Amino acid sequence: MSALRKKFGDDYQVVTTSSSGSGFSQPPPEKKRKRQRFVDKNGRCNVQHGNLGGETSRYLSDLFTTLVDLKWRWNLFIFILTYTVAWLFMASMWWLIAYMRGDLNKAHNDQYTPCVANVYNFPSAFLFFIETEATIGYGYRYITDKCPEGIILFLFQSILGSIVDAFLIGCMFIKMSQPKKRAETLMFSEHAAISMRDGKLTLMFRVGNLRNSHMVSAQIRCKLLKSRQTPEGEFLPLDQLELDVGFSTGADQLFLVSPLTICHVIDTKSPFYDLSQRSMQTEQFEIVVILEGIVETTGE
């Protein structure tokens, strides 16, 4: 066995190595197992609801919010599918009217007045519907006044098209303008530190804004999530405790133009007051930081 000394500044570290195949070597340190977080860094909560009863019907009763909360790939799929089905359905209705009136067989007869001029098969009926729905204007294909059922279908098509446009385009607009994406440019420190500040033991972390646009009325709150058991014997798996980060002094109201250090004083009112350094390393808890504010550019 031989010993090697490596110098790092004024500190020395002793490393033992084996000069032969036999001998004892220090086992590598075990990697710390990553715990499952209650709230991810991007703000998504790892919660799945189950055994609620009628969960699907509750989501469908608020269909607009359900579509807004879906992922982008499902939103785009529903957007394309809805328009495709609606277009094919309405084009089939125009083709059915032409078929029942016999316009398809007399489309090239100049002496006959059809319901829709120059519609003689399904593709031409589909093109007529697109021209009507997209308000391109009538040219080669146009509706005539000899078709009352076509006028009624035209009114129904206009109303249905307005409803579908308002629903789907409104959903896409709200999803694109959600303030969740604004959080991508709000940076939090990777680690929190506990040290003395102003003569008090303090838990500290930093938050900063990358954009030049301000966060109006920014306010920060901290929640401590940990399990506990009440004196009556009830077990609370996710008990929420408030961490005071300046509520009494107004320090939780932030003027976020430069990175700020958020402080929580560990005093007798703090949930960390009875924890030692060793117990804090083994205790299972999670601190959730909530930053609320109004986006200056959009007002959301």
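Computed values, structure above
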read-out	value
For region 273-283, Karplus couplings with θ = phi - 60° (6.51, -1.76, 1.60), whole Hz, Gly/Pro x	5, 8, 9, 8, 5, 5, 5, 5, 6, 9, 5
C-alpha center-to-center spacing [region 167-201, region 238-300] in angstrom	14
³J(HN,Hα), Karplus 6.51/-1.76/1.60, whole Hz, each residue of region 64-71, x for Gly, Pro	5, 5, 4, 5, 5, 7, 5, 6
Overall form of region 183-300 per C-alpha gyration tensor (a/c, 1.5; a/b vs b/c)	prolate
Net dipole in debye of region 182-295 [+1 Lys, Arg Cβ; -1 Asp, Glu Cβ; about Cα centre; nearest 20]	380
Cα centroid separation - region 96-158 against region 55-87, whole Å	31
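Read the figures in this text as sums done on the coordinates, not as results from a lab. Since we're looking at a predicted model, the values are computed, not measured. Reconstructed Cβ throughout: ideal geometry from the backbone, glycine too, with neighbour counts over all protein chains shown.
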